[in-house]
1. Once phi is turned into ³J(HN,Hα) by the Karplus curve 6.51 cos²θ - 1.76 cosθ + 1.60 with θ = phi - 60°, what whole-Hz value does each residue of the stretch 124-140 show in order, with x for glycine and proline?
2. Compute the whole-percent fraction of alpha carbon pairs in the stretch 1-64 spaced more than 16 Å apart.
3. Which residues' amide hydrogens lie under 5 Å from the amide hydrogen of Val9, considering only partners 5 or more residues apart or on another chain, with H built in the peptide plane?
4. In whole Hz, what ³J(HN,Hα) sequence does the stretch 61-68 give by Karplus (6.51, -1.76, 1.60; θ = phi - 60°), x for Gly and Pro?
5. Starting at the first residue of the stretch 144-152, write each ³J(HN,Hα) from the Karplus equation 6.51 cos²θ - 1.76 cosθ + 1.60 with θ = phi - 60°, in whole Hz, x for Gly and Pro.
6. Can you list the residues, at least 5 places off or on another chain, whose amide H is less than 5 Å from the amide H of Asp51, using H built in the peptide plane?
7. Scan around Gln22 for amide H atoms under 5 Å from its own, H built in the peptide plane at 1.01 Å from N, and keep only partners 5 or more places away or cross-chain.
8. As a footprinting exposure proxy, order Glu45, Glu160 by other Cβ within 10 Å, with the fewest listed first.
Amino acid sequence: MSFYRRPRVSGATVFFTVALAQRGGSLLVDEVTRLRAAVRQTKTERPFHIDAWVVLPDHLHALWTLPAGDADFSTRWGAIKARFTMSVRRAGFTPPSRLPMVTSGRYAGVNPGLRHDKGEVGIWQRRFWEHHIRDEADYRAHVRYCWLNPVKHGLVKRPEDWPYSSVHRDRRFQKDMDLML
């Protein structure tokens, strides 16, 4: 049985990968306005700084810095996921009726789309991946990872051609990007 222990570091900078349960679709970019609204509302209630962000068709990467005295990124992700899910459901989106079966861990044998007792509808993967940033080099590497991910997935040839990226907002690492390409 798997038990996940997440570090609880107050004011940490953390890199995340968050994915939809059904990979291969385009829900996140099709409904990016709803995703942005969910993030905006969550940030208003539980502030955090977005250092970098990229939304791809079926997953996203984000780099956040939490406020001093606060280590709770899980509640924020739960709120973002719930708000986005409610918004797309209200707009008429119906998740696939059959999602992949969980094959290991505590929920082995469970179809995540059938967890009605928890009020879940199976749009998102139940967990997310997180990495606490260790130093400036690690920080820069994860910002670049966010920016280059659309290129890696063959969606665009240059990071600045992808419309759903913080590369347009944040030019402080642009010299690094130019050196990489």
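Please treat every number below as a calculation from the coordinates, not as lab data. Just so you know, these numbers come straight off a predicted model, no measurement behind them. Backbone-built Cβ (ideal geometry, glycine too); neighbour counts: all protein chains shown.
1. 9, 5, 4, 10, 9, 9, 9, 9, 7, 6, 9, 7, 4, 5, 5, 4, 4
2. Numbers: 1152 of 2016 pairs.
Considering the stretch 1-64, 57 percent of its Cα-Cα pairs are separated by more than 16 Å.
3. none
4. Going residue by residue, I get 10, 9, 10, 10, 10, 7, x, 4 Hz, with x marking Gly and Pro.
5. Rounded to whole hertz, the list is 4, 4, 4, 5, 8, 4, x, 5, 4.
6. Here the answer is Leu63, Trp64, Thr65, since their amide H atoms fall under 5 Å of that of Asp51.
7. Excluding prolines and chain starts, which carry no amide H, there are no hits.
8. Numbers: Glu45 9, Glu160 14.
Placing the least packed residue first, the sequence is Glu45, Glu160.
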